[in-house]
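One structure below.
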Amino acid sequence: MGTTYQTVLATGTLDNLRHALTLLRREAYVVPVAEGRWVVLPRGDEHGYADSDELARLLSLVPECSAASFDVHDSDVLTAVVYRGGDKAHSYLSDRSYLIEWWDDDDNECLVSLDGTVYPLDGPLPSPGPDGDDPAAFVPFGVGDVDLVRLHAALRGDVPDDDPSRVRAECRHHEILAALNLDPGPSTGAFRHFEPERFPAAVLVGPFETEPAGFPT
């Protein structure tokens, strides 16, 4: 079985992120990964899934904050969505040929990409490779001098040493963050597996027993 998790990468201040998560009543670890850069690990539901995409959208409404969701699916594929001011600014899919079986509203079986594109079973299927592998979309989350060549290679999934294990989605996520000069350590795992003793600067927001107090949507 592969690795599955959902996280959010955010810019801004810790106080603003904590305040927003408190208003949203979203339990999460917030961990610094560079100056003014944070990974947010939200607690998942009873199945372990956390809607990082919607959380990233809401956190991008926080003053001076941009946010990107990262979702690793069973080590096979990585998706990322960048939000600014509540609007989707960029989408990334590590492999457009990764498809799941689905049924449309008329109960016809079809195949669906993780970007939402529907393909008929008897139609042409997408070729392998990434969509949205534009390093410029991710550079604002980096610090210092971001190596664009390394970042683009990470988004494409290039493996210079031909090590098959490094094509796993969590390894690609790790390399993207490293190319942005961020600490990948706390970012490539789920809330349920987080070890706060390894990251003493981590802040736990929550848990909460009440409904959300209200937040711009």
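Brief remarks on what is shown
- For the set Leu58, Leu121, the ranking by accessible area, highest first and with no ligand, DNA or RNA atoms included, is Leu121, Leu58 under a 1.4 Å probe.
- Against the chain, whose longest principal axis comes from its Cα atoms, helix 14-24 is set at around 70 degrees.
- Degrees separating the helix 169-179 axis from the principal Cα axis of the chain, which is the longest one: 60 degrees
- With only Cα atoms counted, the range 33-102 has Rg and Dmax values of 13.3, 42 Å.
- Asp53 accessible area, 1.4 Å probe, all protein chains in place, Å² to nearest 10: 50 Å²
- The rule of thumb for compact globular proteins, 2.2 N^0.38 Å, goes into the C-alpha radius of gyration of the range 71-117 1.36 times.
- Value at 222 nm in deg cm²/dmol, rounded to 500, when DSSP H runs of n ≥ 4 in the chain each add -39,500 (n - 2.57): -5000 deg cm²/dmol
- Over the range 1-160, the fraction of Cα-Cα pairs per 5 Å bin, rounded to whole percents and listed from the shortest bin up, is 2, 9, 16, 19, 19, 16, 11, 6, 3, 1, 0.
- Among 122-132, 185-195, 170-180, the order from most to least packed when residues are scored by Cβ within 10 Å on average: 170-180, 185-195, 122-132
- Panel values: the range 68-153, Kirkwood radius from alpha carbon pairs, Stokes-Einstein at 25 °C and 0.890 mPa s, translational diffusion coefficient 168 µm²/s.
- Sorting the segments 66-77, 35-46 by their residues' average number of neighbouring beta-carbon atoms within 10 angstrom, most packed first, yields 66-77, 35-46.
The values are calculated or read from the model by the stated rules, or taken from the named source; none is laboratory data. Here the structure is a predicted model, which means the values were calculated and not measured. Every residue, glycine among them, receives a Cβ derived from its backbone with ideal geometry; neighbour counts consider all protein chains shown. The accessibility values were calculated without ligands, DNA or RNA, using every heavy atom of the protein model including side chains. Shrake-Rupley method; radii C 1.70, N 1.55, O 1.52, S 1.80 Å.
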